Amino acid sequence: MLLTSSVFTPGRAIEEFSGKKGAIAAGGSVSVAAFDLARLLGAEPIILLGLELSYESARTHLSGSFVESYVQSRISRFRPAPSLYLGPILGGGPLFARGKTGGAVLTDRRMLLYRDWFARHAPPDPRSGGAPRVFNATPRGLDIPGVRGRPLEELARSLDLRADAKAARLTALRARLGEKRPDRSGAGRFLEYLERTLRNLAMVHALGAVSYTHLTLPT
């Protein structure tokens, strides 16, 4: 289990008691955080797979995902699955853009932002020397400028992709991060902070209730 810094207010509040943990890139797509974590952990090479950044068959997520089960649990005669998928797509400013195979794919402006992020951060910087190689093995979807597209079968033949034993991977990870016992010294102060916050919120709620009770509107 890894703890990282957060750009969001609750995470920053926790860090006042736990200490800074180090940040990874964050954005609207979890692929951004996954890529940055792999880069910081020294993964070599990094292979992007399933990063379509488009809506194949007007679907937002692959079959078997949590989102699909969520949609399936809420469909009805008046709200079929396609209408539930269509809402998020329309909200992102849908448009057609050039795909990896040369044809047009359905995407939106948010996906173009993610594509541009990978185009800036995934290609190795010539000045960095030991930058990891990055390959895009996603067969469909948007092309990412500057990132080499290679079929996964070809990568498997040309690279040594044999998985190391779990124990060896954990040993290498611990050597890189350092094995530390959890520091619980700030836990008590954090709980006191939460209790104080709850008391303050209760006071604000009570003041709001009093103000609402005495509110009179002009006739």
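Within the range 62-101, being closer than 23 Å to ALA119 by Cβ and surrounded by 14 or more Cβ atoms within 10 Å (Cβ to Cβ) holds for ILE89, GLY92, PRO94, ALA97, GLY99, LYS100. Residues in the range 154-163 include none that are open to solvent by 60 Å² or more (accessible area, probe 1.4 Å), within 23 Å of the chain's Cα centre (by Cα), at pLDDT below 70 and not charged (D, E, K, R).
Given the structure, is PHE118 among the hydrophobic types (A, V, I, L, M, F, W, C), open to solvent by 40 Å² or more (accessible area, probe 1.4 Å) and closer than 29 Å to ARG148 by Cβ? No; evaluated as a whole, the condition is false for this residue. For GLU52, the conditions (1) outside any loop (DSSP other than H, G, I, E, B); (2) at pLDDT 75 or above are fulfilled apart from (1). Of all residues assigned to the range 3-22, at least one qualifies as being among the acidic types (Asp, Glu) and exposed (fewer than 13 other Cβ atoms within 10 Å of the Cβ).
Every condition in (1) of a type outside the set (Lys, Arg); (2) touching a residue at least 12 places away in the same chain (Cβ under 8 Å); (3) in a loop (DSSP other than H, G, I, E, B) holds for VAL105 except the one numbered (3). For beta carbons closer than 9 Å, sequence separation of 6+ or different chains, a first residue in the range 6-32 that is at pLDDT 80 or above and among the basic types (Lys, Arg) and a second that is outside any helix (DSSP H, G or I) and open to solvent by less than 50 Å² (accessible area, probe 1.4 Å), the qualifying pairs are ARG12/SER5; ARG12/SER6.
The values are calculated or read from the model by the stated rules, or taken from the named source; none is laboratory data. As the structure is a computational prediction, the values presented were derived from the model and not from experiment. With ideal geometry, Cβ positions are generated from the backbone for all residues, glycine too; neighbour counts draw on all protein chains shown. For the accessible areas, the whole protein counts, side chains as well, though only heavy atoms, and no ligand, DNA or RNA atoms are used. Shrake-Rupley method; radii C 1.70, N 1.55, O 1.52, S 1.80 Å.
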